[in-house]
């Protein structure tokens, strides 16, 4: 295929700390990243150059985080960042020597979750990847909450109308139901709207 891509099938006892994809064209840089990831308890699932035609193959490995490294002359590669991060739908960490403001702005538009500067400092890899994954999950949680707000509001209105609950009581019931059933709040709200879930009685005040 001419992609200079390496898939790793690493056997470990127990789950790795993370599954990592490395998009880096330089072999020595890849080796350093691979060693740092392995020392931190992770697994490098795939290595490939930073190119759009590698994305589908990278996605097949289901990485937890992607390290993206444009080349020194890689203005075109940097410009690909938004398309690459959107296609991968994973937290991305930029690994670069270039701290130019244009690169930072491009990375911000692409939703990059963290930076590591070349030359590699192995001790920075673990906290940077952990923070990138945590930021990505929090961003997703907030996006999900915003997307579900309309259906939650509709379910609150239905509970308030049919069960004579206050808005606060209706929301507390939805939240408690979500916790007890280990569902997302939006899923419980949709069940209420579909008539599949409703409180049997008005909950006591203050609960």
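Normalised radius of gyration for the range 145-193, please: alpha carbon Rg relative to 2.2 N^0.38 Å, two decimal places. Before the final figure, lay out each step's value.
Details: Rg = 9.6 Å, N = 49, 2.2 N^0.38 = 9.7 Å.
For the range 145-193, the normalised Cα radius of gyration comes out at 1.00.
What ranking, highest mean first, results for peptides 182-193, 14-25, 118-129 when packing means the other Cβ atoms within 10 Å averaged over each residue? Don't skip to the answer; put the middle values down first.
Numbers: 182-193: 18.0, 14-25: 19.8, 118-129: 15.4.
The peptides rank, most packed first, as 14-25, 182-193, 118-129.
Using Cα-only point scatterers and the Debye equation, what is log10 of I(q)/I(0) for the range 6-120 at each q in 0.11, 0.12, 0.16, 0.18 Å⁻¹, rounded to two decimals?
Here the Debye-derived log intensity ratios amount to -0.31, -0.37, -0.67, -0.85.
Order of 81, 165 from fewest to most other C-beta atoms within 10 Å?
Details: 81 22, 165 19.
Fewest-to-most ranking of 81, 165: 165, 81.
Only the coordinates and a few stated rules stand behind these numbers; no lab work does. Predicted model only: the values in this text are computed from it and were never measured. So basically every Cβ, Gly included, is an ideal-geometry build from the backbone, and we count neighbours across all protein chains shown.
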